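**Student:** Sharing a structure, written as structure tokens. Questions coming.
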Amino acid sequence: MPLSRAPRIAPSLLAADFARLGDEVTRVIDAGADWIHLDIMDNHYVPNLTMGPMICEALRPHTTAPIDVHLMVEPVDALVPQFAKAGANIMTFHPEASRHVDRTLSLIRDNGCLAGLVFNPATPLEWLDHVMDKIDVILIMSVNPGFGGQAFIPHSLVKLQQARQRIDAWRQQGGQPIALEIDGGVKVNNIAQIAAAGADTFVAGSAIFGQPDYQQVIDAMRAELARGPSIST
Ligand code: DX5
Ligand code: ZN
């Protein structure tokens with residue numbers, strides 16, 4: 001699956017109504033979302049427990065939009081083929097949670113998905129140094145993982161700029177496209193600033209599902225994004 005055109009809005013189902021997840025997927029895609037972001041938490045890597053491959057599989061028939069699986073689990077590898085089989089299109093994981101980061105990236109691609117690394121607020125971008133050719137998505141956490149509804153950590157903007165520089169330099173050398181995704185505390189009132197720092201893919205949970213009219217929020221986000229310089233990859 002090639003990356004779709006940026007900017008991309010990826011609503012996090014963590015803030016959706018868990019009693020009617022299929023409807024929530026349909027509603028948010030009809031409202032203009034690009035990807036569905038699934039937060040997978042294992043009560044081990046993060047102190048919370050959410051969903052497994054069975055829920056991904058149950059949601060798959062509800063949309064043709066890419067399903068973006070954010071693995072907050074440790075260990076990682078056993079779940080990769082399971083989520084691929086369940087219909088995931090993109091899989092990202094935290095490098096601290098895998099013993100063999102290069103191997104896990106290859107495993108995700110070998111299972112037919114786009115692969116990415118997730119960077120917690122204190123995790124350095126140096127994890128990218130030797131694996132750029134195996135990366136399709138860089139996900140910058142702008143909160144500590146585990147819960148929705150937290151406040152955006154301002155230093156994430158600096159980190160986004162640094163990740164953007166790495167991607168642009170890589171592209172100039174002839175490297176493959178890499179999405180730059182931000183996750184945590186993304187709202188209508190800060191999305192333009194986040195885009196200006198280099199993000200092209202925006203996860204938003206409570207900002208979207210916390211409002212009755214999803215389209216109104218997504219339209220407002222897109223209007224904010226249209227105000228600033230756009231990223232084309
Ligand atoms: C946190 C998750 C996020 C979270 C975002 O661990 O990775 O995807 O659901 O939620 P909001 O947008 O409410 O900060
Ligand atoms: Zn997430």
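**Student:** Amide H of Leu38 versus every other amide H placed in the peptide plane: which residues, excluding those fewer than 5 positions away on the same chain, fall under 5 Å?
**Tutor:** Asp68, Val69, His70
**Student:** Expressed as a whole percentage, what fraction of the accessible surface of segment 33-155 belongs to carbon and sulfur atoms when a 1.4 Å probe is rolled over the protein heavy atoms? Display every interim value, and only then the final one.
**Tutor:** Numbers: 2800 of 5110 Å².
Answer for segment 33-155 is 55 percent, counting heavy atoms of protein chains only.
**Student:** Moving to a separate point now. Choose one of Gly116, Ser156, Thr104: the residue whose Cα lies farthest towards the positive end of the charge dipole of segment 8-227 (beta-carbon charges +1 Lys, Arg; -1 Asp, Glu; about the Cα centre).
**Tutor:** Ranked along the dipole, the leading option is Ser156.
**Student:** For Trp35, Trp127, Trp170, what's the largest-to-smallest order of accessible area, 1.4 Å probe?
**Tutor:** Result of the area sort, largest leading: Trp127, Trp170, Trp35.
**Student:** Now for a different question. If I model a spin label at Arg109 and Ser206 as a point 7 Å from the Cα along the Cα→Cβ vector, what separation in nanometres do I get?
**Tutor:** 3.7
**Student:** Then there is this: Rounded to the nearest 10 Å², what accessible area does Leu14 show when all protein chains are kept and the probe is 1.4 Å?
**Tutor:** Probe radius 1.4 Å; accessible area of Leu14 about 40 Å².
**Student:** Springs between alpha-carbon pairs under 10 angstrom, Gaussian network model over the chain: which of Pro177, Pro47, Pro81 fluctuates most?
**Tutor:** Pro47
**Student:** Per residue, how much accessible area does the chain have with a 1.4 Å probe, in Å²? Intermediate results must be reported in sequence, preceding the final value.
**Tutor:** Details: 10050 Å² over 233 residues.
Ligands and nucleic acids excluded, the figure is 43 Å² per residue.
**Student:** Rounded to two decimal places and with Rh computed the Kirkwood way over Cα pairs, what is Rg over Rh for the chain? Could you put the intermediate results ahead of the total?
**Tutor:** On the way: Rg = 16.1 Å, Rh = 17.4 Å.
Rounded to two decimals, Rg over Rh is 0.92.
**Student:** Give me the Å³ per residue figure for the convex hull around the C-alpha atoms of segment 114-160. List each step's numbers first, then the result.
**Tutor:** Working: hull volume 3.7 nm³, N = 47.
Given the Cα convex hull of segment 114-160, per-residue volume reads 80 Å³.
**Student:** Additional query: Within segment 1-36, which residues have the backbone N less than 17 Å from the label spot 7 Å out from Ala58 along Cα→beta-carbon, could you tell me?
**Tutor:** Within reach of a label on Ala58, which here means backbone N under 17 Å from a point 7 Å along Cα→Cβ, segment 1-36 contributes 13-27.
**Student:** Just to confirm my numbers, what's the Cα centroid distance between segment 43-111 and segment 125-145 in Å?
**Tutor:** Their Cα centres are 15 Å away from one another.
**Student:** Also: When the chain is modelled as a GNM with alpha-carbon springs shorter than 10 Å, which of Ile167, Ile153, Ile191 fluctuates the most?
**Tutor:** Of Ile167, Ile153, Ile191, the most mobile in the Gaussian network model is Ile153.
**Student:** Using θ = phi - 60° and the Karplus form 6.51 cos²θ - 1.76 cosθ + 1.60, what ³J(HN,Hα) does each residue of segment 130-142 get, whole Hz, x for Gly and Pro?
**Tutor:** 10, 10, 4, 6, 10, 10, 10, 9, 10, 10, 9, 7, 9
**Student:** Can you tell me which lysines have their Cα less than 28 Å from the Cα of Lys187? Leave out same-chain residues fewer than eight positions away.
**Tutor:** Candidates past the 8-residue exclusion: Lys159.
**Student:** Hey, another quick one. Let me check against my output: what whole-number percent is the relative contact order of the chain, with C-alpha pairs under 8 Å and at least 6 apart?
**Tutor:** Working: 467 pairs, mean separation 49.1, N = 233.
Reported relative contact order: 21 percent.
The values are calculated or read from the model by the stated rules, or taken from the named source; none is laboratory data. What you are looking at is a predicted structure, and each value in this text was computed from that prediction instead of being measured. Cβ sites come from the backbone with ideal geometry, for glycine too, and all protein chains shown count toward neighbours. Calculation scope for accessible area: heavy atoms of the full protein, side chains included, ligands and nucleic acids excluded. Shrake-Rupley method; radii C 1.70, N 1.55, O 1.52, S 1.80 Å.
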